[in-house]
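Here the structure is laid out as structure tokens; the discussion comes afterwards.
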Amino acid sequence: MSLLLRRNSSQLRLLQRLGAATTAEVRRFVSRDSDNDSNNVTAAQSSTTTANTAGTTAGNKLQSTKRLNNLSAVADTDIKKSVFISQSHDIFTNLALEDWLYKNFDFGNHHVLLLWANDPCVVIGRHQNPFTEANVSRLMERGITLARRNSGGGAVYHDRGNLNCTFFTPRERYNRKYNLNIVTRALFREWAIKSEINERDDIVIKNKKISGTAAKLGRPNAYHHCTILASANKLHLGESLVKEPANYISRATASVPSPIRNLVDVNRNVNVPQLLSAVGYEYLRTAAMALEDGGSTQLMKQRGFQLVNPTERWFPGIEELRASYSSWDWVIGKTPKFSVEKELELKGDNSGMKLKLSVDVEAGLMSKIAIQLPQSDQMVPVVTPLQGKAYNEQNLNGIIDALKMVSTSNVQQAMNGSI
């Protein structure tokens, strides 16, 4: 199956033709964000009087009703579809592109599937703790990027053997099962691979996961994205998603471990370019709001494949979005408050002594560092220049190494109140 790729030299003209805002209007579409797990979209609040608040709320409801009626009036046959293929393999750029389309595109008469692949990286969900999902210091040593996306869900490993799919629609037409069935049908049509959608909306083959899923639901737009493991490096995948051995106390969303499988393990002929083509064509040949195969007739009505270059010239404002996604404040500082505990043993002349180190972390910074003495609930503050610094496994082990140099006799004196 050959790729039908059409490239337009002027992206601004392409975006206007496909439904995005003009340059002057690029920030006109402002979504009220909410995650699929929290769904916290609310009416705009007025800061004046109760009467004004009621009037504003009523106005918003009227606009929402009007929009719903307008969307309902659009026939399936009047909705065009495009497949956008990102030319970037940088995770932060692709997350920025995804966010740009979500915020600035009008999907009322035009649905979009964005296909993208990344260089090696670990991507965590918006509400996750990276330190309970991976060893962040080890990722940095190996040159594997850590990123936080804007949707919920668990941690995933990406490389060039992994295809990412993002399905964009208006919120009212969000349909996760439709999207996942596009993928399963593409696999069967192209390679006769039989796959299933389980109760967690993972795509599995013989109970082994080939695709995970997450979503972002806002107003007016929504997206659902999923991964497809084609030929990912499973050794790197396994090693990347192993945390530092310590006791983490966190309320952050935890990933659910699952056995995984690459599609090449099922059919050795599978490759990412062909997978991209198969999923894209299945999407274009299927009706916009129902899983009805329209074949070549439906396919020819669509706007086909578009190579997109996620740069400032093509997508004004995308560099600012990328800077936000790649910032320490977003990737690490967004981590929900947590504590980490780790035992250490001090070597004495005759016998060792076990202590417990406790570190409280807020906004990614170590706010409280203390040790618990043996046979006591008392917590003794640790004086260290790392207080208030960024938490990571390297700094944690640095504190432990320094504490191991303390003699057991000094600790014993502290327990006896001598010092």
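The values are calculated or read from the model by the stated rules, or taken from the named source; none is laboratory data. Quantities reported herein were computed from a predicted structural model and do not represent experimental measurements. Because the Cβ atoms are built from the backbone with ideal geometry, glycine has one as well, and the counts that use them run over all protein chains shown. Each accessible area value is taken on the protein alone, full model and side chains, heavy atoms only, with ligands, DNA and RNA left out. Shrake-Rupley method; radii C 1.70, N 1.55, O 1.52, S 1.80 Å.
Tabulated data
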| read-out | value |
| --- | --- |
| Test: Gln306 is under 23 Å from His111 (Cβ atoms), in contact (Cβ under 8 Å) with a residue 60 or more places away in the chain and in a loop (DSSP other than H, G, I, E, B) | no |
| Residue within the stretch 167-174 that is assigned to a loop (DSSP other than H, G, I, E, B) and either open to solvent by less than 30 Å² (accessible area, probe 1.4 Å) or farther than 15 Å from Pro220 by Cα (or both) present | no |
| Extreme residue, farthest from Glu133 (Cα to Cα), among residues of the stretch 363-402 that are touching a strand residue (DSSP E or B) at 6+ places or on another chain (Cβ under 8 Å), open to solvent by 50 Å² or more (accessible area, probe 1.4 Å) and touching a residue at least 24 places away in the same chain (Cβ under 8 Å) | Lys389 |
| Among the candidates Asn269, Asn262, residue that is open to solvent by less than 60 Å² (accessible area, probe 1.4 Å) and either farther than 30 Å from Glu343 by Cβ or β-branched (Val, Ile, Thr) (or both) | Asn262 |
| Matching residues in the stretch 81-109 - criterion: being of a type in the set (Lys, Arg) and touching a helix residue (DSSP H, G or I) at 6+ places or on another chain (Cβ under 8 Å) | Lys81 |
